[in-house]
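*Asks:* Got a structure for you, written out below as structure tokens; questions coming shortly.
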Amino acid sequence: WLADHGEGDPLLEWPMRFADLTTRYMYLSTLHWLPLVNGYSGYKPPFAELMNSLGNGLPEPEAVRSLIKLNATRWLLIHLKTSYGLRPWGQLSQEGARLVAEGEDFQLYELPYRRDQPPVLLDGKGPDVSIFGVERKPLTSCDLQAEVTPLRKSVFDRHRMGLPVPWRIRNLSSVTWPGVAVTETDLVGVVFRVREVGKLDYQVLPGFNRLTTDLAPGQATTVWSIIRGPTKPGSYELIPCLTQAGRDVTRCFDAATIDLHVSGQ
């Protein structure tokens, strides 16, 4: 279908992981020869983490809107036989995406794409603002006031390959949080503390989970965080924290704690 109808416009394939999948995407692209937003084999584009965070957030409305606004891709190919396959992908059509082809293990969408305009993937306004113009200034803990609601009460990590867990986050502060940029510096995102049930000591899990939008006061968004839990099997408490990348400012939300069960297999 892409070979016949792609019209030379860029393609983003999801999930977006490097090495094995990127090489496969590149190999299969020889059937249609469309430019790949994912990158090519050993080449990881500078905007890869940004695009990865938006892909993680799909099909939530804020992630779709940011992806369209960036004007980086016309075609979005979702591979369904993954841990992401159970998401309600039909929501994409509510934000202007159009389902153009599907099969047992994939869905292909066309996004609104402005061929006469360049993609907005680089920080053209400078490093002190997000791509969409929100100031990237130092924040305080008070600036990270929020309502954080886990959309699951408990999760089970059986494979330790990255577990997607959704949270609803509402900005209750008076400042807009920068979230969409190529580099992470000064962006607001989510990190996690984890502790064994019944224990007081906690550890901070690796990884910085970006927002999929610049979040204004009063605005809410759903963040699909990728959790890589402890290697030791057992029952844990997972505590979400908002943080500003590169700054020593963090605000944790014990009331939003969920149960994390790590399998021994």
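The values are calculated or read from the model by the stated rules, or taken from the named source; none is laboratory data. It should be emphasised that the depicted structure is a prediction, and the values quoted were computed from it without experimental measurement. Note that we place each Cβ from the backbone using ideal geometry, even for glycine, and neighbour counts take in every protein chain shown. Only protein heavy atoms, including side chains, enter the accessible area calculation; ligands, DNA and RNA are left aside. Shrake-Rupley method; radii C 1.70, N 1.55, O 1.52, S 1.80 Å.
*Asks:* Given the residues 31, 11, 58, which is the only one that is under 21 Å from residue 115 (Cα atoms) and either modelled with pLDDT under 90 or among the hydrophobic types (A, V, I, L, M, F, W, C) (or both)?
*Replies:* Matching residue, one of 31, 11, 58: 11.
*Asks:* Which of the residues spanning the range 206-243 are in a strand (DSSP E or B) and closer than 22 Å to residue 70 by Cβ?
*Replies:* Once the filter is applied, which keeps residues that are in a strand (DSSP E or B) and closer than 22 Å to residue 70 by Cβ, the range 206-243 yields 209, 210, 215, 220, 221, 222, 223, 224, 225, 226.
*Asks:* Need pairs with beta-carbon distance below 8 Å; first residue in a strand (DSSP E or B) and within the range 101-114, second of a type in the set (Phe, Trp, Tyr) and surrounded by 15 or more Cβ atoms within 10 Å (Cβ to Cβ); sequence gap 6+ or separate chains.
*Replies:* Here the result reads 107/89; 108/75; 109/75; 110/75, each pair linking the range 101-114 to a residue that is of a type in the set (Phe, Trp, Tyr) and surrounded by 15 or more Cβ atoms within 10 Å (Cβ to Cβ).
*Asks:* Just to verify a result, which residue in the range 45-69, among those that are surrounded by fewer than 20 Cβ atoms within 10 Å (Cβ to Cβ) and among the aliphatic types (A, V, I, L, M), is farthest from residue 23 (Cα to Cα)?
*Replies:* 68
*Asks:* Can you find even one residue in the range 20-27 that is over 19 Å from residue 111 (Cβ atoms) and open to solvent by less than 10 Å² (accessible area, probe 1.4 Å)?
*Replies:* yes
*Asks:* Scan (1) under 30 Å from residue 253 (Cβ atoms); (2) hydrophobic (A, V, I, L, M, F, W, C); (3) open to solvent by less than 80 Å² (accessible area, probe 1.4 Å); (4) in contact (Cβ under 8 Å) with a residue 60 or more places away in the chain for the single condition residue 151 breaks and write down its number.
*Replies:* (3)
*Asks:* If you don't mind, there's one more thing I want to ask. Report, by residue number, each residue of the range 203-233 that is surrounded by 14 or more Cβ atoms within 10 Å (Cβ to Cβ) and at positive phi.
*Replies:* 207
*Asks:* Is it the case that residue 73 is touching a Pro at 6+ places or on another chain (Cβ under 8 Å) and within 23 Å of residue 182 (Cβ to Cβ)?
*Replies:* Taking the combined requirement at face value, the residue satisfies it.
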